[in-house]
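Asks: Shown below is the structure under consideration.
The values are calculated or read from the model by the stated rules, or taken from the named source; none is laboratory data. Quick caveat, the model's predicted, so the values are computed rather than measured. Please note: Cβ atoms are built from the backbone with ideal geometry, for glycine as well, and neighbour counts cover all protein chains shown.
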Amino acid sequence: MRPTMMRIIGRTFYWLVRNFTSVFSRVYFRASYEGLENMPVTGAFILAPVHRSNIDFALTSVLTKRRLRYMGKESLWKVKWFGEIITAMGAFPVARGTTDRESMRRTVEILGEGDGLVLFPEGTRTSGPVGSLFEGAAFVASRARVPIVPVGIGGTDRALGKGKKVPRPVKVRVVVGPPLSAPPLPEGRRHPSRTSVHELTRTLQGELQRLLDQAELRPGNPELSGTRVNEAQPPDVS
């Protein structure tokens, strides 16, 4: 199949999935989406949500009418036609075992195309308070000179937790926070300083905790704000 046709099919499928998720989540999960005015209308950006469930991926697509880009493990591209479709939908492959430097270079290239890129700074599904974050989101934002948009997602761990296959009709709340600007690069340098990456990561951690607390507030749930903030230092990575 010709590349042009694959792009049309992929983008059409993306919008079908995005619109289905928008309707289904509001009906089945009684989902609410707040802070949408904080989503950039133009230009590249990093969308950085908390990660508590596999359905978080789908919910992020509802936050903007713009197509978002996602990382995917390289094995998904083994079947050529499927790989072409998910590429057209916005996914791009990252090989397991590649160095962090190579992965970061690829994400910077994607952002150079002007799209929004979804990166989960916790790295994997977790539970409880927001702990130490990987510094990739802060490094890429600083290198590419794009903002980070933090997102709190509440209820998805109860809707579809680890090991579960059928989602439960649990109330879900998604809260988008104000964008965090990338710090200025040191004069005469192309790369951000380690200190600035640490600081941006800590700021992102605090914002994610605040938004998660806000998203988790629901009838019958005790107020969480101020009780779950994790002061752990982000890891020191080169």
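Asks: Got a sec? Which of Leu47, Leu76 is closer than 23 Å to Gly177 by Cβ, in contact (Cβ under 8 Å) with a residue 12 or more places away in the chain and not acidic (Asp, Glu)?
Replies: Unique residue meeting the criteria: Leu47.
Okay, residues lined up against (1) over 20 Å from Glu113 (Cβ atoms); (2) modelled with pLDDT under 80:
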{"position": "Met1", "(1), (2)": "yes, yes"}
{"position": "Gly10", "(1), (2)": "no, yes"}
{"position": "Thr42", "(1), (2)": "no, no"}
{"position": "His51", "(1), (2)": "yes, no"}
{"position": "Arg66", "(1), (2)": "no, no"}
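Asks: Being more than 30 Å from Arg210 (Cα to Cα) and of a type in the set (A, V, I, L, M) is the requirement here; does Leu76 meet it?
Replies: So Leu76 passes the test.
Asks: Which of the residues that make up the range 152-170 are buried (at least 19 other Cβ atoms within 10 Å of the Cβ) and not in a loop (DSSP other than H, G, I, E, B)?
Replies: Within the range 152-170, Gly152, Ile153, Gly154, Thr156, Asp157, Ala159 qualify.
Asks: Has the range 124-140 got any residue that is of a type outside the set (A, V, I, L, M, F, W, C), over 24 Å from Thr201 (Cβ atoms) and modelled with pLDDT of 90 or more?
Replies: no
Asks: Given (1) more than 25 Å from Val172 (Cβ to Cβ); (2) free of Cβ contacts under 8 Å to residues at least 12 places away in the same chain, identify the lone condition not met by Phe92.
Replies: Going through (1) more than 25 Å from Val172 (Cβ to Cβ); (2) free of Cβ contacts under 8 Å to residues at least 12 places away in the same chain one by one, Phe92 breaks only (2).
Asks: Kindly indicate the residue of the range 171-197 that is surrounded by 12 or more Cβ atoms within 10 Å (Cβ to Cβ) and of a type in the set (D, E, K, R) and also farthest from Leu212 (Cα to Cα) among those meeting that condition.
Replies: The extreme case among them is Arg194.
Asks: Is at least one residue of the range 149-164 of a type in the set (S, T, N, Q) and within 18 Å of Ala31 (Cβ to Cβ)?
Replies: So far as the range 149-164 goes, yes, one or more of its residues are of a type in the set (S, T, N, Q) and within 18 Å of Ala31 (Cβ to Cβ).
Asks: Okay, moving on. Residues being among the small types (Gly, Ala, Ser), in a loop (DSSP other than H, G, I, E, B) and within 19 Å of Glu207 (Cβ to Cβ): count how many of those fall in the range 110-123.
Replies: Going through the range 110-123 one residue at a time, the tally reaches 1.
Asks: While we're looking at this one, here's another question. Which condition does Asp115 not pass, out of (1) at pLDDT 90 or above; (2) surrounded by fewer than 18 Cβ atoms within 10 Å (Cβ to Cβ); (3) over 26 Å from Tyr28 (Cβ atoms); (4) over 14 Å from the mean Cα position of the chain (by Cα), if it passes all the others?
Replies: Here Asp115 clears every test but (4).
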